[in-house]
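A.B. asks: Here it is: the structure, laid out below.
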Amino acid sequence: MNAKLKPANVNFREMQASDLDAVMQIESVNFPFPWTAGNFKDSINSGYICLVLEMTSRIIGYAVLMIVLDEAHLLNISVTPSQKGQGLGRHLLEHMMQISREKGGLNMFLEVRPSNVSAITLYESIGFNEMGVRPGYYPANNGRENAVLMGVAL
């Protein structure tokens, strides 16, 4: 692992409705078909684990996790483009995996676009394996794009 160490001025906290403008800025530049602010509000209101990653009081990433019984499902994760390549996405993902373990999760699952090679590379480096394909899962410019279903034992 050649990820850089996390800076001392990085911390996690629960996502609040007041964070959604900053979250939406990151979401809209990282995804061709971003979640809406309503999707994030619904996740917060549903009791999902919604965290933001802050650096010097500025939101630079976030993640949304749903846990049902002993299964954790990572619904969304992202880091602002200016902070990518510093190991912060890995740190955020590993933190969500730790929370899942603490809450009794035995496995974690996620979907990812096959075109998102950098995310797939990160997931595989942490131990996620391809488990299947969900046909037509994501909206795309020319119809729909499949999703790769990935999972890891916690």
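A.B. asks: Give the number of residues within segment 56-101 that are part of a strand (DSSP E or B) and either within 19 Å of MET24 (Cβ to Cβ) or among the hydrophobic types (A, V, I, L, M, F, W, C) (or both). Give the derivation first.
C.D. replies: First, pick out the residues of segment 56-101 that are part of a strand (DSSP E or B): 58-68, 71-79.
Right, trim to either within 19 Å of MET24 (Cβ to Cβ) or among the hydrophobic types (A, V, I, L, M, F, W, C) (or both) and you get 58-68, 72, 74-79.
Residues flagged as part of a strand (DSSP E or B) and either within 19 Å of MET24 (Cβ to Cβ) or among the hydrophobic types (A, V, I, L, M, F, W, C) (or both) within segment 56-101 amount to 18.
A.B. asks: Moving to a separate point now. Determine, yes or no, whether MET97 is in contact with a His (Cβ under 8 Å, 6 or more places away or on another chain) and either basic (Lys, Arg) or under 18 Å from GLY151 (Cα atoms) (or both). Before the answer, list the steps.
C.D. replies: Numbers: in contact with a His (Cβ under 8 Å, 6 or more places away or on another chain): no; either basic (Lys, Arg) or under 18 Å from GLY151 (Cα atoms) (or both): yes.
So MET97 fails the test.
A.B. asks: For SER18, are the conditions met, namely being assigned to a helix (DSSP H, G or I), modelled with pLDDT of 95 or more, out of contact with any Cys (no Cβ under 8 Å at 6 or more places or on another chain) and surrounded by fewer than 16 Cβ atoms within 10 Å (Cβ to Cβ)? It would help to see each step written out before you state the result.
C.D. replies: Working: assigned to a helix (DSSP H, G or I): yes; modelled with pLDDT of 95 or more: yes; out of contact with any Cys (no Cβ under 8 Å at 6 or more places or on another chain): yes; surrounded by fewer than 16 Cβ atoms within 10 Å (Cβ to Cβ): yes.
Judged against the criteria, SER18 is a match.
A.B. asks: I'd like to check something: does segment 117-127 contain any residue that is of a type in the set (D, E, K, R) and surrounded by fewer than 17 Cβ atoms within 10 Å (Cβ to Cβ)?
C.D. replies: Within segment 117-127, the first condition is being of a type in the set (D, E, K, R), and the residues that meet it are 124.
From what's left, surrounded by fewer than 17 Cβ atoms within 10 Å (Cβ to Cβ): 124.
Checked segment 117-127: at least one residue is of a type in the set (D, E, K, R) and surrounded by fewer than 17 Cβ atoms within 10 Å (Cβ to Cβ).
A.B. asks: Please work out if VAL148 is under 23 Å from ILE49 (Cβ atoms), in contact (Cβ under 8 Å) with a residue 40 or more places away in the chain, assigned to a strand (DSSP E or B) and touching a strand residue (DSSP E or B) at 6+ places or on another chain (Cβ under 6 Å). So that I can check it myself, show each step before the final result.
C.D. replies: Values: under 23 Å from ILE49 (Cβ atoms): yes; in contact (Cβ under 8 Å) with a residue 40 or more places away in the chain: no; assigned to a strand (DSSP E or B): yes; touching a strand residue (DSSP E or B) at 6+ places or on another chain (Cβ under 6 Å): yes.
So VAL148 fails the test.
A.B. asks: May I pose another question? Does segment 107-143 hold any residues that are assigned to a strand (DSSP E or B), closer than 21 Å to PHE33 by Cβ and of a type in the set (A, V, I, L, M, F, W, C), and which are they?
C.D. replies: So the first thing to find is which residues in segment 107-143 are assigned to a strand (DSSP E or B), and the list is 107-112, 129-140, 143.
Still in the running and closer than 21 Å to PHE33 by Cβ: 109-112, 133-140, 143.
Answer for segment 107-143, where residues must be assigned to a strand (DSSP E or B), closer than 21 Å to PHE33 by Cβ and of a type in the set (A, V, I, L, M, F, W, C): PHE109, LEU110, VAL112, VAL133, ALA140.
A.B. asks: Out of the residues in segment 128-154 that are farther than 21 Å from ALA72 by Cβ and of a type in the set (D, E, K, R), state the one that is surrounded by the most Cβ atoms within 10 Å (Cβ to Cβ).
C.D. replies: The initial filter retains those residues of segment 128-154 that are farther than 21 Å from ALA72 by Cβ, namely 135-136, 139-146.
Next, from what is left, pick out any that are of a type in the set (D, E, K, R): 144-145.
Numbers: ARG144: 11, GLU145: 19.
Restricting to residues being farther than 21 Å from ALA72 by Cβ and of a type in the set (D, E, K, R), the top hit is GLU145.
A.B. asks: To continue, here is another question. Which condition from (1) closer than 18 Å to GLU27 by Cβ; (2) in a loop (DSSP other than H, G, I, E, B); (3) not polar (S, T, N, Q) is the one that GLY104 breaks?
C.D. replies: Against the list (1) closer than 18 Å to GLU27 by Cβ; (2) in a loop (DSSP other than H, G, I, E, B); (3) not polar (S, T, N, Q), GLY104 comes up short only on (1).
The values are calculated or read from the model by the stated rules, or taken from the named source; none is laboratory data. Small disclaimer: the values here were computed from a predicted structure and weren't measured. Note that each Cβ is placed from the backbone with ideal geometry, even for glycine, and that neighbours are counted across all protein chains shown.
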